[in-house]
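Take a look at the structure below.
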């Protein structure tokens, strides 16, 4: 089917039966500015991740399996700031954060400041399933990974030439890494609802460009960078971590949904509050248990894709919405 362009982001029409809307997965590749030469790769990357996750859901897989598949796919894609392709800290090293959350149980697992791990989101799931903790950090997370049999990879295998170039550019005394972060998309993530109505989210990031060693952002913080609850929905956040943490953006959006706002309105309200209160920009993908979804952002761009009812939806600029057959 030839893609059709819409000039407003909108929600799908509500079918008479809730099951007609399920399953659904929505993927985001990071809010910010995407250079023209990287925009096509960014769009195709989130579309591929959404297709892979949707195939799991169509096969009867869980929402957790689906979001893990989507985010792992993005971590393995050097275009995105997660896993291979992560930005570098001030010392030129990679430190990554990731989280998963299960809306059925409110179980969550996260890792922060991890190195030499190809897929931090997979490690985050093991924290949720194999420990009594919610988050492991740095060397403790690395030791846990070894105990779980996850192989370490050389740091060089995760560093791209593009990330190294931008690291060098932002070592200058007058550089503004926060502003320049807009030249490299941020945190990636996914939300999903499976056929049983269970929600889940997964989020992963290389963090902020040229950050201090040991800096941890919003991603592994429950309620800031992610949240999932079967009674409300699921959210995955991207943007400036310090601003997101100050307003607990994920939980703020969920609060608006609890008050009866649609996924789209709740997402817009949360982003608008963050902009007005702490001058922060970001983006969000959101679902509710019935399968309504939204991809919203206050930054110039955010690569996103959604799969539902055998249709692939995607966009990059504000107000852009393409659709095509999932096949």
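Which angle between 0 and 90 degrees, to the nearest 10, do you get for helix 138-147 versus the longest principal axis of the chain when only C-alpha atoms count? Once rounded, one gets 70 degrees. By how many degrees, 0 to 90 and rounded to 10, does the Cα axis of helix 249-258 deviate from the longest principal axis of the chain? The angle comes out near 10 degrees. Per-peptide packing, taken as the mean over residues of other Cβ atoms within 10 Å, places 114-120, 306-312 in the sequence 114-120, 306-312 from highest down.
Take the alpha-carbon positions of region 279-327, form their convex hull, and give its projected area averaged over all directions (one quarter of the hull surface) in nm². Result: 3.8 nm².
When the Gaussian network model of the chain links Cα atoms closer than 10 Å, the mean-square fluctuations of 269, 316, 57 top out at 269. For region 189-327, the relative contact order comes to 19 percent (Cα pairs under 8 Å, sequence separation of at least 6). Its alpha carbons considered, region 59-134 gives a radius of gyration followed by a Dmax of 13.1, 45 Å. The angle between the Cα long axis of helix 120-130 and the main principal axis of the chain comes to about 70°, on a 0 to 90 degree scale. The reciprocal of the average 1/r between distinct C-alpha atoms defines the Kirkwood hydrodynamic radius, which for region 23-325 equals 18.3 Å. Distance between the 7 Å Cα→Cβ label points at residue 147 and residue 91: 2.4 nm. Where the alpha-carbon atoms of region 241-305 are placed on the principal axes, they occupy 32, 26, 15 Å, in descending order. Over region 32-179, the hull volume per residue, using the convex hull of the C-alpha atoms, is 127 Å³.
The relative contact order of the chain comes to 27 percent, based on Cα pairs under 8 Å that sit 6 or more residues apart.
Helical content alone sets the calculated 222 nm signal of the chain at -9500 deg cm²/dmol, taking -39,500 (n - 2.57) per DSSP H segment of four or more residues and averaging over every residue.
Each value in this text was obtained by applying a stated rule to the coordinates, not by laboratory testing. Not measured: the values here are computed from a predicted model. Note that we place each Cβ from the backbone using ideal geometry, even for glycine, and neighbour counts take in every protein chain shown.
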